[in-house]
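The values are calculated or read from the model by the stated rules, or taken from the named source; none is laboratory data. What you see is a predicted model, and the numbers here were worked out from it, not measured in a lab. So basically every Cβ, Gly included, is an ideal-geometry build from the backbone, and we count neighbours across all protein chains shown. With ligands, DNA and RNA removed, areas are computed over all heavy atoms of the protein, side chains included. Shrake-Rupley method; radii C 1.70, N 1.55, O 1.52, S 1.80 Å.
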Amino acid sequence: MKKIKAVIVLGTALAIAILVYSPHFNYPFPYHIDEWQHISEAIKLGDFLKGLSGQPLNLGFSRVEIGFHFFLVLVSLFSNLVLVYKFLPAGWAMISALVLFFVVFKKTKGNFLVAWLAMIFFGSIKSNVNLTGLWFFTPLTFAIPFVFLYFYFFTEGVEKKDKRSILISLAIIIFLLPIHAISVLFAVPAVVIYLGCHYQYLRKEAKFFSVLSLIPL
């Protein structure tokens, strides 16, 4: 039974990857203008790191997403970034779906059906050039699996009173800040509400949480 479930999960993740890749069946290049902008910024950053630019690095607005551009620089070390970019949305959507399955499976105490349906719902979210979405590889889509993991470790840490899990969630926040800080910002209200529901633990560990809150702030 476990093998069958594993095949179902991996098959679903693969189906999501194919669905996300489908716009590129007849078009081998990035679709969205944001993707081309990130490619440009990554090339500029890569040339600067290699000492090829001969000029100071002018980040402009990209400074708040430099972590994402650094990731693209790493990708460019192994392949042509423009040609390989079409595979990145599909591959990352697959990874995000698997992370989502893991998180939901754990939080529902092993409910396979709910976790599997979460993957299907995730894969069915529409994408277009105005709202972007899974079809495009941007800092937002790159941040998705880390947001899932951040919430998982934070809630696990609070529920089980495990400071190590909370510190892992904080590490994920710090990692996301130079990639897509808005994802961290949007998570703050949910975290505040969640802590309000566990105010007794918050009050007991007030010093711990007050120190930790300084970093994301």
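The shape of region 90-169 comes out oblate: with a ≥ b ≥ c from the C-alpha gyration tensor, a/c is at least 1.5 while a/b does not beat b/c. A Förster radius of 35 Å combined with the Cβ-Cβ distance from Lys50 to Ile174 puts the calculated FRET efficiency at roughly 0.85. Other residues lying with their Cβ under 12 Å from the Cβ of Phe112 contribute a combined charge of +4, Lys and Arg counting +1, Asp and Glu -1. Quick check: from the Cα gyration tensor, does region 20-147 come out rounded (a/c under 1.5), prolate or oblate? Here region 20-147 falls in the prolate category. One chain, two ends: Val188 and Val114. Fully extended at 0.36 nm per residue, the span grows by 24.1 nm beyond their Cα-Cα distance.
Modelled spin labels at Ile95 and Leu83, positioned 7 Å past Cα toward Cβ, are 2.2 nm from each other. A Förster radius of 35 Å, combined with the Cβ-Cβ distance separating Tyr201 from Ile125, puts the computed FRET efficiency at roughly 0.55. For the options Lys106, Lys204, Lys86, a Gaussian network treatment of the chain with springs between C-alpha atoms closer than 10 Å singles out Lys204 as fluctuating the most. Between Tyr150, Tyr201, Tyr21, the GNM of the chain built on Cα springs shorter than 10 angstrom shows Tyr201 fluctuating the most.
Solvent-accessible area of region 112-155 (1.4 angstrom probe, protein heavy atoms only): carbon and sulfur portion equals 80 percent. If you take all other residues with their beta carbon under 13 Å from the beta carbon of Ser76, and give Lys and Arg +1 and Asp and Glu -1, the sum is 0. Stretching the chain fully between Ser22 and Lys161 yields a gain of 45.6 nm (0.36 nm per residue, less the alpha carbon separation). Measuring nothing but protein heavy atoms, the accessible surface of region 162-217 at 1.4 Å probe radius is 73 percent carbon and sulfur. Comparing Val114, Val192, Val20 in a Gaussian network model of the chain where C-alpha atoms under 10 Å apart are linked, the largest mean-square fluctuation is found at Val192. When shorter helices are ignored and each DSSP H run of at least 4 residues is given -39500 (n - 2.57), the per-residue value for the chain at 222 nm works out to -23500 deg cm²/dmol. Between the listed residues Leu98, Pro23, Phe112, the Cα displaced farthest toward the positive end of the dipole of the chain, a dipole computed from Cβ unit charges relative to the Cα centre, is found at Phe112. Where q = 0.18 Å⁻¹, what log10 of I(q)/I(0) comes from the Debye formula for region 177-217, counting one point per Cα? One equal scatterer on each Cα of region 177-217 leads to -0.57. Take the Cα radius of gyration of region 101-217 and divide it by 2.2 N^0.38 Å, N being the number of residues; the result is 1.16.
Taking 16 Å as the straight-line reach from the Cα of Lys160, the lysines in range (excluding those fewer than 8 positions away in the same chain) are Lys106, Lys107, Lys109, Lys204. If you bin all the Cα-Cα distances of the chain at 10 Å, starting from zero, the percentages per bin are 8, 28, 31, 23, 9, 1.
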